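Colleague: Got a structure for you, written out below as structure tokens; questions coming shortly.
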Amino acid sequence: MKLPMGKIPAETLKKTVFEHLGAKREEVILGPSLGEDGAIVKVGDRVLISSMDPITGAVERIGWLAVNINANDVATFGIRPSFFSSCMLLPENSTEETVQKICEQIDLAARKLGIAVIGGHSEVTPELNRLIIVGCAVGTTELGRYVTSSGSKPRDHLILTKGAGIEGTAILATEKYNRLKEEMGETLLESAEKFYDQISVVEEAVLAFNIGGVAAMHDPTEGGVAGGIHELADAAKLGVKVYEEKIALAPETMQICEFFQIDPLQLISSGALLISAKPGYAEKIIKELTDHNINAAVIGEFLENPAKRILVRGDESVTDLVRPLCDHLWFALER
């Protein structure tokens, strides 16, 4: 079976990837699982949380994204990332200036988050036609002081920070700038390019976790907000009801998605954070985030029946919540 672009489908992960995980070790508290953003390993009386992600669909800010995307995954456990390493795969005919630019971006992003770059690998790779960076972020915390994506319970509230399609908007505004500027104008595109500055969710994840009442967190990357919600529900084996009109969409995102005829809910959304809040805590969490100038809103709730994943539209009609087969960024980049 030919696989779609982007993430490997959940069924392939379960029947193929998760069946080949090497030796069993008692230090592994959390290994590969559907909907989980990283691993948890016990080291003495503390735990190490690590996550790994590639950056493949963006070029202009690839070093910046590599740090932030991986840092975000660690932060969804409720802790700050401390260390970063990367594998930089360069296409043939790359220059030293390219390496310089990427390393400066990594350095800037890591310094901003208080992360030390501890190593990695870089090479020019034969027959590669696109720059790829695979990053790994690591954080440590006390044993038991973290949340995982599987922690949601029925009736927990689902909170979304910022809005849908943040990373995808920035990538498309940058990569397709010349094609879009006649249609939308330079002012809108320059505003959309600045969405890169919203990519980090480290502060909001740590803020929310420290308030209490957080059952689970997840950052919606490939597959967008719709994919991220499914991943949270998969991890907890629950259903979910989502209210479409509660999901924030920036004007820049709406216009770019309309131009490429793609769904903003299926557009890569790093920079947003999905938070599952226990009953009675959602308002407290939203107030704390708002006090720190981070927009957030309740967009739905978790349901007991895992087969029930529904989207309530503005006209109150109900449909199934789409499960993305492929992030719509790829469709837009190909057009």
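Colleague: Scan the strands (runs of 3 or more DSSP E) fully inside the range 262-335 and keep the ones with 2 or more residues being surrounded by 12 or more Cβ atoms within 10 Å (Cβ to Cβ).
Modeller: Passing ranges, in order: 274-277, 296-303, 309-312.
Colleague: Of everything in the range 155-169 that's touching a Gly at 6+ places or on another chain (Cβ under 8 Å) and not basic (Lys, Arg), which residue is surrounded by the most Cβ atoms within 10 Å (Cβ to Cβ)? Steps first, answer last, please.
Modeller: The first filter runs over the range 155-169 and keeps only residues touching a Gly at 6+ places or on another chain (Cβ under 8 Å), leaving 157-158, 162, 164-168.
The next check asks that each one be not basic (Lys, Arg); those that pass are 157-158, 164-168.
Values: His157: 23, Leu158: 25, Ala164: 29, Gly165: 36, Ile166: 30, Glu167: 30, Gly168: 33.
The extreme case among them is Gly165.
Colleague: Here is a further query. Just for strands (runs of 3 or more DSSP E) wholly inside the range 88-185: which have at least 1 residues that are under 29 Å from Cys257 (Cα atoms), in contact (Cβ under 8 Å) with a residue 60 or more places away in the chain and among the aliphatic types (A, V, I, L, M)?
Modeller: 132-142, 157-161
Colleague: Can you confirm whether Ile29 is within 27 Å of Tyr146 (Cβ to Cβ) and either modelled with pLDDT of 95 or more or not in a loop (DSSP other than H, G, I, E, B) (or both)?
Modeller: Yes.
Colleague: Exactly one condition in (1) over 17 Å from His218 (Cα atoms); (2) touching a strand residue (DSSP E or B) at 6+ places or on another chain (Cβ under 9 Å); (3) at pLDDT 95 or above; (4) surrounded by fewer than 20 Cβ atoms within 10 Å (Cβ to Cβ) is not met by Ala110; state its number.
Modeller: In the conditions (1) over 17 Å from His218 (Cα atoms); (2) touching a strand residue (DSSP E or B) at 6+ places or on another chain (Cβ under 9 Å); (3) at pLDDT 95 or above; (4) surrounded by fewer than 20 Cβ atoms within 10 Å (Cβ to Cβ), Ala110 misses (4) alone.
Colleague: Name the residue, out of Gly31, Gly38, that is within 19 Å of Pro220 (Cα to Cα) and not aliphatic (A, V, I, L, M). If you could, list the steps in order and put the result at the bottom.
Modeller: Values: Gly31 fails: within 19 Å of Pro220 (Cα to Cα).
Going through Gly31, Gly38 in turn, just one is within 19 Å of Pro220 (Cα to Cα) and not aliphatic (A, V, I, L, M): Gly38.
Colleague: Being closer than 28 Å to Gly271 by Cβ, part of a helix (DSSP H, G or I) and outside the structural domain of Glu222 (by TED's automatic domain parsing) is the requirement here; does Ala71 meet it?
Modeller: yes
Colleague: Residues of the range 112-141 being out of contact with any Asp or Glu (no Cβ under 8 Å at 6 or more places or on another chain) and within 24 Å of Leu232 (Cα to Cα), which ones?
Modeller: Cys136, Val138, Gly139, Thr140, Thr141
Colleague: Which of the residues belonging to the range 165-192 are over 14 Å from His328 (Cβ atoms) and of a type in the set (Val, Ile, Thr)?
Modeller: Matches in the range 165-192: Thr174, Thr187.
Colleague: Would you tally the residues in the range 243-260 being within 27 Å of Gly151 (Cα to Cα) and surrounded by 21 or more Cβ atoms within 10 Å (Cβ to Cβ)?
Modeller: Residues flagged as within 27 Å of Gly151 (Cα to Cα) and surrounded by 21 or more Cβ atoms within 10 Å (Cβ to Cβ) within the range 243-260 amount to 1.
The values are calculated or read from the model by the stated rules, or taken from the named source; none is laboratory data. Because the structure is predicted, anything quoted here is derived from the model rather than measured. Methodologically, a virtual Cβ is constructed for each residue, glycine included, from the backbone with ideal geometry; neighbour enumeration extends over all protein chains shown.
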